[in-house]
Amino acid sequence: MSPLSHGTSQQHPDEPALALNPFFGQANPVREMTEEPPRHRLAALPLAPDTAYQVVHDELMLDGNARLNLATFVTTWMEPQAGQLMGESRDKNIIDKDEYPRTAELERRCVAMLADLWNAPDPAQAVGCSTTGSSEACMLAGLAMKRRWTQRNADRYPGARPNLVIGINAQVCWEKFCNYWEVEARQLPMEGDRFHLDPHEAVELCDENTIGVVGILGSTFDGSYEPIAQLCAALDAYQERTGLDIPVHVDGASGAMIAPFLDQDVEWDFRLPRVASINTSGHKYGLVYPGVGWALWRDKEALPEDLVFRVNYLGGDMPTFALNFSRPGSQVIAQYYTFLRLGREGFRAVQQATRDVAMSLARKVEDMGDFKLLTRGDQLPVFAFTTADHVTSYDVFDVSRRMRETGWLVPAYTFPPHRQDLAVLRVVCRNGFTRDLADLFAQDLTRLLPELRDQPHPMVRDHQAGTGFHHSENRAER
């Protein structure tokens with residue numbers, strides 16, 4: 001999530017002018033290469049393109065290495081051919097469907113492929129769209145649920161206030177949705193060793209004003225699946241008792257591109273009649289660079305027609321349902337390339353390899369003796385762990401800080417209310433995080449343990465400053 005920036009920032013008057021590398025002067029390394037351009041206002045004169053490139057390139061070298069970032073779920077590696085296709089299509093505005101009909105066709109094919117993958121009753125009747133990520137997709141799904149509820153309760157709305165039932169582990173975009181569209185967020189807290197939504201307790205939060213319940217196929221806190229089938233069964237029983245028909249949206253930002261290939265016996269998708277919509281992040285385990293997401297509804301009835309705009313734009317009739325308008329078509333093209341390139345068996349092989357790495361590394365961490373696993377990477381290729389009870393000289397924030405010194409970005413954070421006593425580390429394994437890299441991670445962690453054990457006490461006092469990581473920010477990375 002990008003922070004709000006203030007355009008009034010000025011370069012400090014005492015800030016020294018930094019000299020550029022003389023070699024940046026292409027023709028004459030001495031002439032006009034004595035000062036770096038200003039950082040917070042436009043320079044008076046232009047720079048040569050290679051010089052401008054080098055200035056930006058050098059500053060970006062101070063960023064972390066994306067391949068070693070074990071906090072992010074976002075894809076950090078694609079094949080060169082995918083990158084080439086993205087470069088060739090970065091100038092295409094995907095919203096101009098009349099001007100770029102083949103790009104629009106590839107988007108339609110991706111929606112059809114996902115509808116088939118997620119077992120829509122009739123994939124030809126399923127509707128969906130690409131988005132900039134899962135956050136936008138969740139917003140659209142929430143809007144559809146609210147609109148369906150308002151249509152059914154036209155005699156009571158706007159007097160009655162709608163609500164949405166979610167677990168406290170839900171991605172922060174759901175809280176934003178409720179805030180922006182004036183929906184009460186009914187959040188189910190964590191309790192004990194239950195780190196996500198409980199179906200029966202979720203139903204207890206429902207009433208005649210509930211627009212839907214969100215189930216998460218892959219919690220960002222620990223990588224575990226929520227029990228979608230049990231949630232639907234509990235809502236089925238609730239409808240029999242009360243007559244209230246409450247839909248389920250599956251936030252499958254990560255798991256919706258894992259479960260179809262590795263957990264085919266797990267029922268979570270459109271096989272369950274109560275599931276009205278599903279979203280996923282193409283730029284997570286859909287294996288595409290950011291940013292692209294997908295939102296699908298089981299049929300046209302699940303997406304109210306009055307939310308769909310039909311615009312006569314640049315000579316064509318264009319149905320659209322989105323919060324964003326102009327955006328590049330390159331990520332959608334890359335998604336189609338990935339579907340075409342891998343197929344079902346290819347996706348299965350890639351995701352299985354990633355899960356194998358996660359489970360293997362989790363075992364190695366557990367075998368070190370200093371840590372206790374919360375999850376083992378056997379659902380999302382993600383595992384969370386904390387320090388064992390006997391460890392008192394250091395905590396997870398010390399581990400995160402020290403691992404960063406060797407280049408590894410490992411998030412440490414506390415859990416939300418009712419389990420704020422629990423602080424964990426989390427490792428996200430993605431395609432490109434190979435077994436060799438996992439072995440190096442384990443070696444670096446093992447090498448640090450003697451120093452950590454010799455500490456008199458945990459050294460990081462300000463936990464947020466100590467790691468530079470805030471879980472709410474990571475949850476917003478959609």
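The values are calculated or read from the model by the stated rules, or taken from the named source; none is laboratory data. Fair warning: this is a prediction, and the values are worked out from it, not measured in the lab. FYI the Cβ positions are ideal-geometry reconstructions off the backbone, even for glycines, and counts take in every protein chain you see. Just the protein is used for accessible areas: all its heavy atoms, side chains included, with ligands, DNA and RNA removed. Shrake-Rupley method; radii C 1.70, N 1.55, O 1.52, S 1.80 Å.
For the reader, a short list of remarks on this structure follows.
- Looking only at the range 314-323, and only at residues there that are surrounded by 12 or more Cβ atoms within 10 Å (Cβ to Cβ) and within 26 Å of GLY142 (Cα to Cα), the one that is modelled with the lowest pLDDT: MET318
- Once the range 207-225 is narrowed to residues that are outside any strand (DSSP E or B) and crowded, with 20+ Cβ neighbours inside 10 Å, the residue that is nearest to the chain's Cα centre (by Cα) is THR220.
- Restricting the range 45-72 to residues that are surrounded by 16 or more Cβ atoms within 10 Å (Cβ to Cβ) and under 24 Å from the mean Cα position of the chain (by Cα), the residue that is farthest from LEU440 (Cα to Cα): THR72
- Residues (out of contact with any Gly (no Cβ under 7 Å at 6 or more places or on another chain) and under 14 Å from ASP207 (Cα atoms)) located in the range 237-267: ALA237, TYR238, GLN239, GLU240, ARG241, THR242, GLY243, LEU244, ASP245
- Residues satisfying the stated conditions in the range 254-275, i.e. open to solvent by less than 10 Å² (accessible area, probe 1.4 Å), of a type in the set (A, V, I, L, M) and either modelled with pLDDT under 95 or under 15 Å from ARG298 (Cβ atoms) (or both): ALA256, VAL275
- Filtering the range 86-109 to residues that are buried (at least 17 other Cβ atoms within 10 Å of the Cβ) and in contact with a helix residue (DSSP H, G or I) (Cβ under 7 Å, 6 or more places away or on another chain) leaves MET86, SER89, LYS92, ILE94, LYS97, THR103, LEU106, GLU107.
- A single member of ALA112, ALA137, ALA120 is open to solvent by 20 Å² or more (accessible area, probe 1.4 Å) and either under 14 Å from PRO304 (Cα atoms) or among the aliphatic types (A, V, I, L, M) (or both), and it is ALA112.
- Selection status of LEU380, touching a Leu at 6+ places or on another chain (Cβ under 9 Å), under 30 Å from MET86 (Cα atoms) and buried (at least 22 other Cβ atoms within 10 Å of the Cβ): yes
- Every residue from the range 393-418 that is hydroxyl-bearing (Ser, Thr, Tyr) and open to solvent by less than 30 Å² (accessible area, probe 1.4 Å): SER393, TYR394, SER400, TYR413
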